[in-house]
Amino acid sequence: MSAAPIGAGIARPRAILAAVGHTYPALWSAVDQLRALRASAFPHWPDWCFLPLQASYAILSGGGDRRIPIERIHRVGIVSALATWRVTQGVYRFDPTVAAAVAATPLAGELPTDLLYRLPEWCVFIETPGRTWEGRTLHGFWAHLEWEDGGGADELRLVLDTAETPALALDPRRGLVPVPLILGDGALADALARVAESGRRRLAEQGLSDQDAHRPDPAQRLAAIQPLVALVLYLCAENAELGDGTRRPGLPKPTRTKRGPRLFPPDQPTTWEVGMRLGAALRQAATAAEPAPGAVPGERTRPRAHIRRAHWHTFRVGEGRQGHRVKWMAPVAVNVPDPAALAVTVRPVG
């Protein structure tokens with residue numbers, strides 16, 4: 001009798017976690033050991049970053065002067081995301097109406113980097129039903145923040161689940177796709193440009209030219225990434241509707257052990273419903289706003305319910321109010337019944 005596929009019968013993100021753990025059996029214990037050295041060896045390591053890519057590189061390479069072959073370098077970003085997600089395992093399932101409205105919100109102007117530090121967990125997995133990435137099914141993606149010791153720029157790291165099967169998660173062509181965004185001044189396009197420039201420098205350091213690597217069209221890449229970043233930003237918003245109102249996601253508390261504090265991963269993922277009441281209210285109000293049979297043409301009716309797109313709010317600061325700052329204002333529901341008054345739809349979690 002043949003063995004069942006790795007991760008068969010369990011949630012897809014968890015199956016991918018199992019597949020990567022199968023490839024690197026000592027990976028999770030190595031992560032725990034390195035995290036235990038954080039306070040003494042890396043005093044500047046911020047609380048909002050669970051595992052820097054430098055740490056993942058050291059684990060996968062074996063440490064010291066050992067190098068990871070270029071055909072496996074993508075695994076560093078994948079391992080950092082999965083190791084970070086492993087300790088909380090939150091799966092975020094958007095209401096389809098809310099997801100469409102948020103994803104369509106343009107990210108014009110400055111990318112609100114400060115808002116990203118408000119992620120509900122160190123790493124989140126956002127489901128993306130019906131979406132694709134460069135012609136492949138996009139089942140969802142992980143999102144977390146990256147910090148580099150030595151003064152490097154912070155990053156928003158996305159790892160896209162386009163794997164043909166969970167067992168192929170680490171395959172360079174048929175597996176997961178890491179997408180880094182180097183944070184700083186400017187818009188989302190500037191963050192992508194910084195990534196491209198960083199990639200060119202690293203290729204040059206290895207004696208390769210920019211033509212040696214596949215480079216997607218920048219405009220196409222920007223259009224594909226923008227909806228994903230918008231979904232991440234919604235989770236960071238002050239008024240984000242997460243869960244059923246009885247509890248919210250958060251960071252786990254370490255358990256005291258003989259070897260020091262440790263974080264023990266949950267036995268299974270937790271699914272957080274996102275915007276379910278708001279989505280139901282939008283659909284209900286939109287139906288109610290439709291003209292009744294026999295209505296007089298031109299008769300005034302209440303405007304249809306909708307989500308006013310997120311926008312940028314610029315204000316003056318500093319001496320003489322000569323400086324400028326910008327804030328990202330979350331999407332606002334207009335002409336929508338109070339979502340809190342609607343019943344919660346309970347869905348089984350697979």
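So that you can scan it fast, the table gives a plain yes or no per residue for (1) farther than 26 Å from residue 17 by Cα; (2) of a type in the set (Ser, Thr, Tyr):
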position: 65; (1), (2): yes, no
position: 71; (1), (2): no, no
position: 83; (1), (2): no, no
position: 88; (1), (2): no, yes
position: 99; (1), (2): no, no
task = Identify, from the list 180, 166, 252, 218, the residue that is modelled with pLDDT of 90 or more and either closer than 18 Å to residue 117 by Cα or under 21 Å from the mean Cα position of the chain (by Cα) (or both).
result = 166
query = How many residues, within region 50-90, are farther than 29 Å from residue 174 by Cβ and either surrounded by 15 or more Cβ atoms within 10 Å (Cβ to Cβ) or small (Gly, Ala, Ser) (or both)?
reply = 2
Residues of region 237-262 that turn out to be in a loop (DSSP other than H, G, I, E, B) and loosely packed, with under 12 Cβ neighbours inside 10 Å, as a count = 10
inquiry  = I need the full set of residues from region 1-25 which are more than 24 Å from residue 139 (Cα to Cα) and modelled with pLDDT under 95, in order please.
reply    = 1, 2, 3
query = So how many residues does region 244-285 have that are in contact with a helix residue (DSSP H, G or I) (Cβ under 9 Å, 6 or more places away or on another chain) and farther than 30 Å from residue 27 by Cα?
reply = 12
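Let's see how each residue does on (1) crowded, with 23+ Cβ neighbours inside 10 Å; (2) touching a Leu at 6+ places or on another chain (Cβ under 8 Å):
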position	(1), (2)
115	no, yes
120	no, yes
131	no, yes
142	yes, yes
149	no, no
153	no, yes
message = One residue is enough: does region 86-94 have a residue meeting the conditions over 23 Å from residue 277 (Cα atoms) and assigned to a helix (DSSP H, G or I)?
response = yes
note = Within region 28-51, residues aromatic (Phe, Trp, Tyr) and either in contact with a Cys (Cβ under 7 Å, 6 or more places away or on another chain) or not in a helix (DSSP H, G or I) (or both) come out as 42, 45, 48, 50
Per-region count, region 130-159, residues under 30 Å from residue 266 (Cβ atoms), touching a Lys or Arg at 6+ places or on another chain (Cβ under 9 Å) and part of a loop (DSSP other than H, G, I, E, B) = 2
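The values are calculated or read from the model by the stated rules, or taken from the named source; none is laboratory data. Just so it is clear, the structure is predicted and the values come from calculations on it, not from any experiment. Ideal geometry is used to build each Cβ from the backbone, glycine not excepted, and the neighbour counts take in all protein chains shown.
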